[in-house]
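Laboratory data are not the source of any read-out in this text; all were calculated from the coordinates shown. Model, not experiment: these values are computed from the prediction. When we count neighbours, we look across all protein chains shown, and the Cβ atoms used for this are built from the backbone with ideal geometry, even at glycine.
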Amino acid sequence: MVVGAWPWARVVARVVMRGRLGARSGTCDFALMIETADGGGRANDAPRPENAYGIRDGEVAAALPDRFDASLYFIGHIRTPWHRREECPKNARGSDAACTIALDPRWSSGLKGLETASHVIVLYWMDQARRDLVLQVPRHYAEQRGTFALRSPARPNPIALSVARIVRIDGNELTVVGLDCLDNTPLLDIKPYFASTDSVPDAIVGWHADRKR
Ligand SMILES: C[S@@+](CC[C@H](N)C(=O)[O-])C[C@H]1O[C@@H](n2cnc3c(N)ncnc32)[C@H](O)[C@@H]1O
């Protein structure tokens with residue numbers, strides 16, 4: 001069952017009936033389990049008004065599917081100096097600010113070996129973004145493009161990716177440089193960055209290269 005008015009704040013509720021439904025005594029004993037669309041954490045929060053995503057001229061929204069296909073675990077959260085979208089760097093190279101990745105302590109031992117790496121790929125959940133845009137007109141480009149031709153946080157699954165430099169690892173906390181998200185953004189995954197396989201120095205995005213000429 002899908003409840004919730006905003007497409008980007010939908011909540012999937014699953015009702016689990018358990019125990020007795022005693023007709024004679026009139027007792028009704030059941031458990032109600034709410035599974036949030038985003039898998040927990042801040043998922044029940046509506047986007048904060050100061051970070052609301054509207055829809056611009058030329059932008060097109062798609063009807064979202066009625067149900068989700070998978071669930072996620074947020075494995076921590078990211079502490080950054082930025083509290084409003086307009087304060088955030090536009091991309092991972094936009095600031096030298098140190099940010100803290102606070103991993104849920106249950107996953108701390110998963111960092112074993114990462115101290116030998118210089119850079120990590122960080123995957124995070126843009127929890128304030130809308131999820132229904134299929135064509136977008138980003139403010140700083142002002143031209144209509146498809147969601148999958150853009151790095152916009154507004155996408156059906158608002159997963160962001162950045163390559164960040166590790167400054168230090170201290171218990172369950174990583175200090176890194178190279179993130180562009182709001183304070184408290186949920187963390188999805190951390191992977192070592194392999195320059196040997198992840199770097200494609202001659203890759204191009206034509207519309208962006210053209211724009212720079
Ligand atoms: C253009 S996206 C790029 C994200 C990532 N580096 C990527 O390429 O996938 C970065 C922008 O997302 C917005 N943003 C940051 N944190 C957000 C959050 N938690 N929810 C929604 N939007 C967010 C800010 O406007 C920020 O400048």
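Couple of notes before you dig in:
- For region 142-186 and region 53-121, distance of Cα centres in Å: 4
- The calculated FRET efficiency for the pair GLN144 and ASP170, based on their C-beta separation and a Förster distance of 45 Å, comes to about 0.50.
- Counting neighbouring Cβ atoms within 10 Å and putting the fewest first, the residues GLU173, GLU86, GLU59 line up as GLU86, GLU173, GLU59.
- Neighbours of VAL137, meaning other residues whose beta-carbon lies under 10 angstrom from its beta-carbon, give a summed charge of 0 when Lys and Arg score +1 and Asp and Glu score -1.
- A simple rule links phi to the HN-Hα coupling: the Karplus curve 6.51 cos²θ - 1.76 cosθ + 1.60 with θ = phi - 60°, which for region 66-81 gives 6, 9, 8, 9, 7, 10, 10, 10, 6, 9, x, 8, 10, 9, 9, x Hz, with x for Gly and Pro.
- Computed from the Cβ-Cβ distance with R0 of 25 Å, the FRET efficiency linking ARG151 to SER108 stands at 0.25.
- Each of ASP96 and ASN51 was given a label point 7 Å from its Cα along the Cα-to-Cβ line. The distance between the two points is 2.6 nm.
- Distance distribution P(r), region 57-200, all Cα-Cα pairs, bin width 5 angstrom from 0: 2, 9, 17, 21, 18, 15, 10, 5, 2, 0 percent.
- Footprinting exposure proxy for CYS181, CYS99, CYS88 (fewest neighbouring C-beta atoms within 10 Å first): CYS88, CYS99, CYS181
- Trypsin sites (Lys or Arg not before Pro) within region 127-210, DSSP loop, no more than 14 other Cβ atoms inside 10 Å: ARG139
- The amide H of VAL134, built 1.01 Å from its N in the peptide plane, has VAL60, ALA61, ALA62 as neighbours under 5 Å, considering only residues 5 or more places off or on other chains.
- A viscosity of 1.002 mPa s and a temperature of 20 °C, combined with the Kirkwood radius over Cα pairs in Stokes-Einstein, give a translational diffusion coefficient for region 125-177 of 164 µm²/s.
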